[in-house]
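The values are calculated or read from the model by the stated rules, or taken from the named source; none is laboratory data. On a predicted model such as this, the values are computed, not experimentally measured, just so you know. With ideal geometry, Cβ positions are generated from the backbone for all residues, glycine too; neighbour counts draw on all protein chains shown. Ligands, DNA and RNA are stripped out before the accessible areas are found, and what is left, the full protein with its side chains, is counted by its heavy atoms. Shrake-Rupley method; radii C 1.70, N 1.55, O 1.52, S 1.80 Å.
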Amino acid sequence: MNTAAAIRAHRGPAVFSVGLRPFFLFSALWAAVAAPLWLYAFLSGGPVGLSWHVHEMLFGYTGGVVVGFLLTAVPNWTGRLPVVGTPLAILFGLWAAGRAAMLAMALNADLAAAAWPLIIDGLFLFAMAGVVWREVLAGKNWRNVPVAVMVTLFALANAGFHLEAGAGGVTALSTRLGLAVVALLIAVIGGRVTPSFTRNWQIKRGGPLPAVADRFDAVTLAVTAAGLIAWSVAPAHPAAGALLLAAGTLNLVRLIRWRGAATLAEPLVWILHLGYLWLAAGLFLTGLSVAVPDLVPPSVGVHALTAGAIGVMTLAIMTRASRGHTGRPLAAGRVEVVIYALVNAAALSRVVGGLSPTLYQPLLIVSAGLWSAAFLAFAIGYGPMLLSPRPDRA
């Protein structure tokens with residue numbers, strides 16, 4: 001039985017027939033709820049603090065989307081059977097239990113020193129790391145060993161977040177490590193799917209093809225990894241800033257080589273290029289914040305990477321993959337254009353607000369509203385297709 005046959009053989013609820021279905025839908029709903037919840041607490045002095053906001057956006061929302069993508073992609077990479085049905089429901093249950101545990105801890109100060117929220121929240125990512133390692137090794141898919149390593153590092157960063165919070169409340173190192181892993185995943189996986197989908201789209205239309213991956217791409221990834229590692233360990237060191245500036249520049253050149261300007265007729269394609277542009281900008285701005293902190297605050301680069309690169313690229317992948325794996329045409333409509341406009345406006349508002357102290361709070365409110373609207377639009381527009389069987393298999 002191959003991957004497609006295993007999915008067809010699933011007889012339970014459609015939402016557990018492929019990994020992206022539950023994780024994309026409910027991660028989007030969580031992103032839509034978590035941002036305004038934190039903003040309300042921030043403005044009113046409520047109990048939901050900054051550390052909860054950081055954790056849930058990075059390890060909660062992003063972790064859910066990464067797992068949904070990998071559960072769908074890894075079987076195609078390895079040729080092994082997908083995780084569907086009850087095992088998928090258990091993994092999703094672990095993710096949902098982690099979100100409940102983190103919210104309970106945020107709302108009840110007496111739970112801050114308890115071990116069980118750490119254990120519940122940590123189980124999910126370590127379980128997923130185990131799944132990825134099992135599939136990659138069993139399938140002898142050595143090309144994706146780096147992906148398994150990054151998922152493991154992400155799980156360790158999540159555990160480190162809880163340990164740092166328990167020790168002193170400051171989670172800077174684990175947060176930087178987690179963000180660095182996600183940024184590198186975008187560079188690696190985004191660097192595969194963006195030119196691949198662009199090539200497929202252009203071949204049908206006889207347009208200019210993106211550059212084939214070569215040594216330049218390898219150098220770009222190596223410099224990106226070096227810069228992110230250096231920044232994670234020593235965020236104020238000049239070498240970290242120089243490496244990130246170089247990484248941002250190299251990733252911009254890499255993006256230009258993919259001929260994104262020729263894809264403007266199809267939003268499902270050009271949004272991938274725009275998401276990768278946010279990655280290049282985030283790396284460069286983070287490098288600038290190290291080199292000239294008085295000119296560019298550190299939060300500017302961080303939000304270009306989070307609200308920008310993560311927000312835009314995840315929705316780009318979520319919309320395209322959801323359409324493909326639920327039997328819908330790979331063409332964007334009004335819903336997709338609205339989603340993309342909202343999330344990019346949210347990211348831009350967040351970055352500009354960091355550069356303008358007088359506009360910080362108004363733009364923070366605007367950004368949170370736009371962010372929530374983008375993910376709510378995804379949940380409303382894509383919920384029916386993610387919860388129901390494929391039209392060709394109903």
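Are any of the residues in segment 379-392 surrounded by 23 or more Cβ atoms within 10 Å (Cβ to Cβ) and either acidic (Asp, Glu) or at pLDDT 95 or above (or both)?
Within segment 379-392, one or more residues are surrounded by 23 or more Cβ atoms within 10 Å (Cβ to Cβ) and either acidic (Asp, Glu) or at pLDDT 95 or above (or both).
Out of the residues in segment 121-173 that are part of a loop (DSSP other than H, G, I, E, B) and farther than 20 Å from residue 83 by Cβ, which is modelled with the highest pLDDT?
Within segment 121-173, the match that is modelled with the highest pLDDT is 171.
Pull out all pairs, ordered by first then second residue, where Cβ-Cβ is under 8 Å, the residues are six or more apart or on different chains, the first lies in segment 82-101 and is among the basic types (Lys, Arg), and the second is surrounded by 16 or more Cβ atoms within 10 Å (Cβ to Cβ).
99/30; 99/56; 99/60
Kindly establish whether residue 21 is among the basic types (Lys, Arg), modelled with pLDDT under 95 and within 30 Å of residue 388 (Cα to Cα).
Against the criterion (among the basic types (Lys, Arg), modelled with pLDDT under 95 and within 30 Å of residue 388 (Cα to Cα)), residue 21 does not qualify.
For residue 34, indicate whether it is farther than 18 Å from residue 20 by Cβ and either over 19 Å from the mean Cα position of the chain (by Cα) or at pLDDT below 85 (or both).
No; evaluated as a whole, the condition is false for this residue.
Identify the single condition in (1) open to solvent by less than 60 Å² (accessible area, probe 1.4 Å); (2) out of contact with any Lys or Arg (no Cβ under 7 Å at 6 or more places or on another chain) that residue 232 does not satisfy, given that it satisfies every other one.
(2)
So which residues in segment 42-60 are outside any helix (DSSP H, G or I) and in contact with a helix residue (DSSP H, G or I) (Cβ under 8 Å, 6 or more places away or on another chain)?
Across segment 42-60, the qualifying residues are 46, 47, 48, 49.
Residue by residue, here is whether (1) under 24 Å from residue 19 (Cα atoms); (2) over 19 Å from the mean Cα position of the chain (by Cα); (3) modelled with pLDDT under 95 holds:
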{"site": "286", "(1), (2), (3)": "no, no, no"}
{"site": "298", "(1), (2), (3)": "no, yes, yes"}
{"site": "306", "(1), (2), (3)": "yes, no, no"}
{"site": "309", "(1), (2), (3)": "yes, no, no"}
{"site": "316", "(1), (2), (3)": "yes, no, no"}
{"site": "321", "(1), (2), (3)": "yes, no, no"}
{"site": "340", "(1), (2), (3)": "yes, no, no"}
{"site": "344", "(1), (2), (3)": "no, no, no"}
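Tally the residues that are farther than 17 Å from residue 305 by Cα and small (Gly, Ala, Ser), restricting the search to segment 243-282.
Total meeting the criteria: 4.
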